[in-house]
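> Here you go, one structure.
All of the numbers you see were taken from the coordinates with simple rules; none came from a lab. Quick caveat: nothing in here was measured; it's all calculated off a predicted structure. Note that we place each Cβ from the backbone using ideal geometry, even for glycine, and neighbour counts take in every protein chain shown.
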Amino acid sequence: MKKEIIKSLTEDFESYANKTENGIEFWFARDLQHLLGYTEWRNFSKVINKAKTACETAGHQINDHFVDVNKTIAMPKGATKEIRDFMLTRFACYLIAQNGDPQKEAIAFAQNYFAVQTRKAEIIEKRIKDWERLQARQKLTLSEKELSELIFERTGNDKNFGIIRSKGDKALFGLTTGQMKKRLGIKPNRPLADFLPTITIKAKDFATEITIFNIKNKDISKGNRIAWEHIRNNKAVRKLLLERGIRPEDLPPAEDIKKLERRVKSEDKKFVRNPEKLNTDNDN
């Protein structure tokens, strides 16, 4: 997600934040609805109900985080109408975002925005970068699993996938998988992709997806032809990277993906264990 988009979304979400008399931040559900890109209240209310269930499952009182309020809005010809709304804590907003589509920028942002205790834009940006790398790694795992199953289906040999993937790495990096691990200081028994930066993980995934598509589309069934297809696709992706001034083999290693995953999960658990509560002793 681009820095300017993060800055814009941060400003949008912060501009709609409110505070109770005892200083607890909250957002109105009707405002959050539009911030997350929902056009109809009835659809958004379904997400709110799922979030309430998640709140209860996490061991928290729903009324501490979802407070019913009524609003009076202006109607044509001077009339007014009363509509239902909710005061939502940061935790409630987080649970609502967790039930949205993470492919949408606003929801991906909200999932991370409400998960961090501080609201500094640079910390939110760092959290989102971590989240995007985790998502990219998970996506690569899925595409490689699909390719592995496809290769076995076509060749009947479960060893072919490892050989073909290694040939793809050689085409993408100009170095073998083993050479890249040594270059980046990775233990031989750990996957190379667990230490690659997001751009390289996505490059590997893109080449893998093209290979999968062409195996199916061209009905490729022989191991050597599948290997050649994967090599060509990785070479094509490498060429594109080089044209844009990126040499994948020269990029520094990223944080161990397993450590990153543990850290992000730990931050989420802390937030879920100790969310702030709205003051529900009044009739707001």
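> On a 0 to 90 degree scale, rounded to 10, what angle separates helix 198-217 from the longest Cα axis of the chain?
The angle comes out near 70 degrees.
> Name the residues whose placed amide hydrogens come within less than 5 Å of the amide hydrogen of ALA254, ignoring near sequence neighbours (fewer than 5 apart) on the same chain.
LEU196
> Students often get this wrong, so check it: of LYS145/LYS181; LYS104/LYS126; LYS239/LYS259; LYS2/LYS204, which have C-alpha atoms separated by over 23 Å? Show your work: numbers first, answer last.
Numbers: LYS145/LYS181 21 Å; LYS104/LYS126 18 Å; LYS239/LYS259 32 Å; LYS2/LYS204 21 Å.
Too far apart for the 23 Å limit: LYS239/LYS259.
> Just in region 237-271: which trypsin sites (Lys or Arg not before Pro) are loop by DSSP and have at most 13 other Cβ atoms within 10 Å?
Filter output for region 237-271: ARG244.
> Report the full-extension gain for the segment LYS81 to LYS218: residue separation times 0.36 nm, less the Cα-Cα distance, to one decimal in nm. Walk me through the intermediate numbers first.
Working: separation 137, 0.36 × 137 = 49.32 nm, distance 6.05 nm.
Working it through step by step, the gained length comes to 43.3 nm.
> Just in region 1-68: which GluC sites (Glu not before Pro) are loop by DSSP and have at most 12 other Cβ atoms within 10 Å?
On the way: sites: GLU4, GLU11, GLU14, GLU21, GLU25, GLU40, GLU56; in loops: GLU21, GLU40.
Within region 1-68, the qualifying GluC sites (Glu not before Pro) (loop, at most 12 other Cβ atoms within 10 Å) are GLU21, GLU40.
> Continuing with the same structure: So which chymotrypsin sites (Phe, Trp or Tyr not before Pro) in region 1-89 pass both tests, a DSSP loop state and at most 11 other Cβ atoms within 10 Å of the Cβ?
On the way: sites: PHE13, TYR16, PHE26, TRP27, PHE28, TYR38, TRP41, PHE44, PHE66, PHE86; in loops: TYR16, TYR38.
In loop regions of region 1-89 (DSSP not H, G, I, E or B), there are no sparsely surrounded chymotrypsin sites (Phe, Trp or Tyr not before Pro).
> Less than 20 Å apart at the alpha-carbon level, and either on another chain or at least 8 residues along: which aspartates and glutamates does that give for LYS81?
Those aspartates and glutamates meeting the cut-off are ASP31, GLU40, ASP68, ASP283.
> Taking square-rooted eigenvalues a ≥ b ≥ c of the alpha carbon gyration tensor, is region 24-113 rounded, prolate or oblate, where a/c under 1.5 means rounded and, failing that, a/b exceeding b/c means prolate?
oblate
> Can you find, among ALA115, GLY245, GLY59, the residue sitting farthest towards the positive end of the charge dipole of the chain, where Lys and Arg contribute +1 and Asp and Glu -1 at Cβ?
Sorting the options by dipole projection puts first GLY245.
> Return the FRET efficiency for the residue pair SER148, ASP68: r is the Cβ-Cβ distance, R0 is 45 Å, and the value is rounded to the nearest 0.05. Let's see the in-between values first.
Working: r = 51 Å, r/R0 = 1.13.
According to the calculation, E is roughly 0.35.
> When only Cα pairs under 8 Å and 6 or more residues apart are kept, what is the percent relative contact order across region 128-253?
RCO, region 128-253: 35 percent.
> Could you tell me which of the pairs LYS182/LYS218; LYS46/LYS216; LYS7/LYS202; LYS46/LYS277 are separated by over 30 angstrom between their Cα atoms in the structure shown?
LYS182/LYS218; LYS46/LYS216
> Work out from phi, with θ = phi - 60° and the Karplus expression 6.51 cos²θ - 1.76 cosθ + 1.60, the ³J(HN,Hα) of each residue of region 221-233, listed in order in whole Hz, and give x for Gly and Pro.
Karplus-based 3J(HN,Hα) across region 221-233 equals 10, 8, x, 5, 6, 5, 4, 5, 4, 5, 4, 4, 5 Hz.
> Helix 257-273: angle to the longest alpha-carbon principal axis of the chain, degrees 0 to 90, nearest 10?
That helix lies at roughly 10 degrees to the long axis.
> Just check region 128-253 against the gyration tensor rule for me: Cα atoms, a ≥ b ≥ c as the square roots of the eigenvalues, rounded for a/c under 1.5, and otherwise prolate or oblate depending on whether a/b exceeds b/c.
Note, shape of region 128-253 comes out prolate.
> Now a separate question. Would you please give the residues with an amide H less than 5 Å from that of PHE26, counting only those at least 5 places away or on a separate chain, with H modeled from the backbone geometry?
Excluding prolines and chain starts, which carry no amide H, the hits are ASN18, LYS19, THR20.
> Using Cα pairs under 8 angstrom and six or more residues apart, how large is the relative contact order of the chain, in percent?
It comes to 21 percent, rounded to a whole number.
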